[in-house]
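Step one of this worksheet: look at the structure below.
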Amino acid sequence: MDNQPYFFKFLEPLSKELAYVARELENSIFTSPRTMLTHARVFVENILQQVIQAEKLPDESWSNLKERLDLLNENGYLTPEIRDALHHVRQIGNKAAHDSRMFRYSEALLSWEAVYTIVKWYVEVYGPVDVTVPDYQDPSHRAEQAYDITELEVRLKALEELLIASVQKPAEEPVHDEVAATKEMGAVTESERPGFTTIRTITYKGQILDVPYFLRDAFLLPQRFDKSETFLIRLGAEQQARIMSELPNNLEGLHKHVKRYGEKNDENLFDELKVYIEEEKVRRKLALERPGELFFFYKADYIVVTKELSEIPFTAEEFTGSPSLLRQLNEDQIETVGQLPKELVILAKYENVGIGTVEKLFEQLKGKQRMEVTV
């Protein structure tokens with residue numbers, strides 16, 4: 001998880017739900033201005049709902065942001081500055097929800113500044129006296145933290161549900177049941193790295209497996225699944241389980257798509273999916289932490305491919321004990337280490353090349369990598 005600070009973190013003592021939604025708004029400014037503008041309306045509407053509750057005003061008939069805004073304005077609770085900031089967020093948010101034109105970063109930044117004005121007023125008037133509102137600052141554009149728009153929407157919608165639920169709870173109930181909320185909302189209460197938000201769950205006999213966003217359409221390479229390789233190949237021939245999104249939400253009965261397979265195969269696949277997802281998370285984090293570098297992966301292990309390593313030729317002198325693999329690599333015009341696929345288990349596709357041969361090659365590559373370091 002990535003727990004880097006965010007601007008509205010100071011809101012957490014007042015409302016963790018508000019703080020988390022504000023965090024995702026900040027993440028979306030440079031990724032999708034439209035998303036930020038649209039969801040900023042929900043954010044400020046919930047602030048107004050909490051103000052209405054604090055002032056003990058009737059809220060039953062006020063169903064949207066404009067009506068809540070008008071209610072507070074007509075009763076004298078809004079200064080002209082706050083009223084104008086609220087109207088700005090509402091109006092540009094409405095345009096973003098309905099207008100197909102491209103929205104600019106500058107528009108998202110103006111809305112972000114208006115949100116700050118509203119939050120500052122809310123905290124200073126209705127918040128604890130020990131909460132200090134920092135001076136306004138523009139968000140920084142951090143490309144390494146960019147979320148895909150679909151993932152942003154998943155995170156924002158889940159957190160908005162959590163925010164709405166927190167406002168609707170009776171005062172005597174605890175608002176911040178983080179354990180339950182984290183399970184229910186797929187851990188979006190944490191500042192996940194891009195791609196790690198849970199996009200769906202897969203179950204098998206009461207067990208639950210979270211699928212992160214970056215794997216939602218991942219190709220399920222059969223060679224990555226020792227016990228389920230043939231099972232996946234057979235399923236693939238029936239246009240089943242070729243990619244993650246083709247898997248059913250419940251794996252029970254998956255074996256019925258092919259002949260001569262049973263429940264044990266469903267169980268094995270579920271267990272191996274757990275391992276696969278954890279390995280892929282490690283690989284994803286590695287790619288984020290070391291952008292621009294090339295890696296070779298073998299199961300849970302990896303090698304950083306340096307220029308020297310990539311230029312080593314595939315000859316019998318350099319790589320002993322695997323003449324059949326070397327010959328077939330050369331026939332496919334793979335003549336140096338750098339031309340290998342990143343996923344080394346793919347090499348097991350070659351004739352008379354098993355997983356043991358691939359593992360032996362991987363160990364030889366690791367040995368050559370260590371020799372580079374000691375030279």
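The values are calculated or read from the model by the stated rules, or taken from the named source; none is laboratory data. This structure is a prediction, so every number in the text was calculated from the model and none was measured. As a convention, Cβ positions derive from the backbone with ideal geometry for all residues, glycine included, and neighbour counts pool all protein chains shown.
Numbers below:
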quantity: Output for the stretch 291-330, where each listed residue is within 26 Å of GLU229 (Cα to Cα) and free of Cβ contacts under 8 Å to residues at least 12 places away in the same chain; calculated: PRO323, ARG327
quantity: Of all residues making up the stretch 67-82, the number that are surrounded by fewer than 16 Cβ atoms within 10 Å (Cβ to Cβ) and either out of contact with any Leu (no Cβ under 7 Å at 6 or more places or on another chain) or in contact (Cβ under 8 Å) with a residue 60 or more places away in the chain (or both); calculated: 7
quantity: Enumeration of residues in the stretch 333-359 that are in contact with a Phe, Trp or Tyr (Cβ under 9 Å, 6 or more places away or on another chain) and part of a loop (DSSP other than H, G, I, E, B); calculated: ILE334, GLU335, LEU340, PRO341, LYS342
quantity: Scan of the stretch 238-270 for residues that are without any contact (Cβ under 8 Å) to a residue 12 or more places away in the chain and surrounded by 15 or more Cβ atoms within 10 Å (Cβ to Cβ), ordered by number; calculated: GLU263
quantity: Close pairs (6 angstrom Cβ cut-off, 6 or more residues apart or separate chains): under 16 Å from LYS120 (Cβ atoms) in the stretch 130-142, aromatic (Phe, Trp, Tyr) anywhere; calculated: TYR136/TYR116
quantity: Yes/no for GLU280 being surrounded by 12 or more Cβ atoms within 10 Å (Cβ to Cβ) and in a helix (DSSP H, G or I); calculated: yes
quantity: Test: residue in the stretch 228-237 that is surrounded by fewer than 20 Cβ atoms within 10 Å (Cβ to Cβ) and hydrophobic (A, V, I, L, M, F, W, C); calculated: yes
quantity: Qualifying position, being among the hydrophobic types (A, V, I, L, M, F, W, C) and either closer than 18 Å to LEU344 by Cα or more than 18 Å from the chain's Cα centre (by Cα) (or both), among LEU232, LEU215, LEU209; calculated: LEU232
quantity: Residue in the stretch 93-126 that is modelled with the lowest pLDDT, counting only those that are buried (at least 18 other Cβ atoms within 10 Å of the Cβ), under 23 Å from ILE52 (Cα atoms) and under 28 Å from the mean Cα position of the chain (by Cα); calculated: GLY93
quantity: Count - residues of the stretch 95-128 that are without any contact (Cβ under 8 Å) to a residue 12 or more places away in the chain and hydroxyl-bearing (Ser, Thr, Tyr); calculated: 2
